[in-house]
1. Considering only region 186-200, state which residues are in a helix (DSSP H, G or I) and either over 13 Å from Thr394 (Cα atoms) or basic (Lys, Arg) (or both).
2. Does region 285-292 contain any residue that is in contact with a Leu (Cβ under 9 Å, 6 or more places away or on another chain) and at pLDDT below 95?
3. Please go through region 38-58 and give me each residue that is part of a strand (DSSP E or B) and of a type outside the set (S, T, N, Q), ordered by number.
4. If Asn229 passes every condition in (1) within 26 Å of Pro293 (Cα to Cα); (2) under 20 Å from the mean Cα position of the chain (by Cα) but one, which one does it miss?
5. Within the group Ser94, Ser83, which residue is out of contact with any Pro (no Cβ under 6 Å at 6 or more places or on another chain), more than 24 Å from Gly443 (Cα to Cα), of a type in the set (Gly, Ala, Ser) and touching a residue at least 40 places away in the same chain (Cβ under 8 Å)?
6. Could you check region 392-429 and list, in sequence order, the residues that are out of contact with any helix residue (DSSP H, G or I) (no Cβ under 9 Å at 6 or more places or on another chain), at negative phi and in a loop (DSSP other than H, G, I, E, B)?
7. Kindly list the number of the only condition in (1) among the hydroxyl-bearing types (Ser, Thr, Tyr); (2) under 22 Å from Gly169 (Cα atoms); (3) in a loop (DSSP other than H, G, I, E, B) that fails for Tyr235.
8. Can you tell me which condition Arg138 does not meet? The list is (1) in contact with a Lys or Arg (Cβ under 6 Å, 6 or more places away or on another chain); (2) modelled with pLDDT under 95, and all the others hold.
Amino acid sequence: MPETVDALALRHLLRADRQEDLCFALWHPSTGQTRMTAVVERLILPREGERNVHGNASFESHYFTRVLSEAAQAGAGVALMHSHPGGLAWQGMSPDDINTEQGHAAAVYGATKLPFVGFTIASDGAWSARFWERTAPRQHARRDCATVRVVGERLRSTFMESLAPVPRGTEAQIRTISAWGKEKQADLARLRVGVVGAGSVGAFIAEGLARTGVEDITVIDFDRIETKNLDRLLYAKRGNVGELKAKALAEHLSECATAARFDALPVVAAVYEEAGFRAALDCDVLFSCVDRPWGRHVLNLIAYAHLIPVIDGGISVRTNRHEELAAADWRAHTVTAGHQCMQCIGQYDPGLVQLEREGYMDDPTYIHGLPKGHPLKARENVFAFSMACASLQTLQMLAMVLDPLGRSNPGQQLYHFVGSFMEPIQHGKCNPECSFDDIVALGDHNGFKVTGPAPSTRDPITETLPEVKLGVFQRFTRGLKRLLLIIPDRTCH
């Protein structure tokens, strides 16, 4: 849920008289490859006479009917939120809690065709949640959520320890844990982090996360390693040329991870393809390491509609007419609800998204016709610049999760290599006409179709590998195999 919804819920549910209270909320599904998330859009607070507070809390039937009507109008699901004033951390359910939620699940499903969702908030602000899934007509079974996340200035997560147990620290993590403590390490390690783009910046970020102790990393990239990548790809050697970047990086991460249990999932697709998009929706936080407008446009939508924070960055290198370095700049910023979006920051031109969808950005004739200095013609980059940009992006994510001394939002950072200085930190807001503000927390119901097939001009094999020179014995063996293949098969069948 957005921080604004969380703050309103805290004010309403955590009463000064320490009695339980309740309210309803509307939510939208966010459907990933392996999980569904309930994204809470807004609360529907009770009006006078719609609920009773008497130590415990109960609601009147006309409040429930009003909520069902609003949900049907909005095309949303229904959630019931209530408080446990004396509780701390993730909360279990009392028999009364179970009876109330299970008893109303059928009516909610009938009105919305979505599961009823229950939330409990403890006195320390920790959330617990569960879905009531339909198993048969008028029968609904409880399915506990593994985590509840609040997104805004911070990324604050509560975990159900039976489904997302506290990771066991390892000897390799001693110095990392000593920097911010076991509790923060547990919060960080249990996040599922997606790295979109396995290029030079993405490689640094992914390895940094694996060494820091993150347990689950998803690498999304469709491309293959080329010789021209070897000056910047941390994980690539000459023998990796021609391999898929996502698979090569995932294999490398498994070798350098410090977590006792580690999983690196390679997804061979672009984030604008259905497989890449759904894999991204399985993540709790995403790193944008792409340099094309379509990918950034998709990630921008995910950051707002699906409430998955996206840590974006970019590098710009410029030379003068003497082919001397004139400028090298890199930037990092976080985009999600309450932050300025990538489009308003100027990280991509929305007018170029459709051109990429139609394949023009992979058309050499189109690229050749662009004016000199056009961003799509930019090819300059250096290992050290990628390393610096990756560092800024990683620190943005760490600040958001760890919230050091209450400073969770570093703002938009822009560093200039020529002159060696950082621009004053910006905390921008989207333009009044920005459409992304209108789709916050709408999940799958945001109304935009941003995915599509890969452009027909895109060749997933970007380099022809040199033919291996065979020795005498290898040539003899290959010739023998060919001879055997042309002997008629006389076996009876």
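1. Restricting attention to region 186-200, the residues satisfying the condition of being in a helix (DSSP H, G or I) are 186-189, 200.
If the condition is that a residue be in a helix (DSSP H, G or I) and either over 13 Å from Thr394 (Cα atoms) or basic (Lys, Arg) (or both), then Ala186, Asp187, Ala189, Ser200 are the ones that fit.
2. Here is the first cut: in region 285-292, the residues in contact with a Leu (Cβ under 9 Å, 6 or more places away or on another chain) are 285-288, 290, 292.
Adding the requirement that they be at pLDDT below 95 leaves 292.
Within region 285-292 (the criterion being in contact with a Leu (Cβ under 9 Å, 6 or more places away or on another chain) and at pLDDT below 95), the answer is yes, since at least one residue qualifies.
3. The initial filter retains those residues of region 38-58 that are part of a strand (DSSP E or B), namely 38-44, 51-54, 56-58.
Selection gives Ala38, Val39, Val40, Glu41, Arg42, Leu43, Ile44, Arg51, Val53, His54, Ala57.
4. In the conditions (1) within 26 Å of Pro293 (Cα to Cα); (2) under 20 Å from the mean Cα position of the chain (by Cα), Asn229 misses (2) alone.
5. Numbers: Ser94 fails: touching a residue at least 40 places away in the same chain (Cβ under 8 Å).
Sole residue among the options that is out of contact with any Pro (no Cβ under 6 Å at 6 or more places or on another chain), more than 24 Å from Gly443 (Cα to Cα), of a type in the set (Gly, Ala, Ser) and touching a residue at least 40 places away in the same chain (Cβ under 8 Å): Ser83.
6. Within region 392-429, Val418, Glu423, Pro424, Ile425, His427 qualify.
7. Failed condition: (2).
8. With (1) in contact with a Lys or Arg (Cβ under 6 Å, 6 or more places away or on another chain); (2) modelled with pLDDT under 95 applied to Arg138, the lone miss is (1).
The values are calculated or read from the model by the stated rules, or taken from the named source; none is laboratory data. Not measured: the values here are computed from a predicted model. Here the Cβ is made from the backbone with ideal geometry for all residues, glycine too, and neighbour counts use every protein chain on show.
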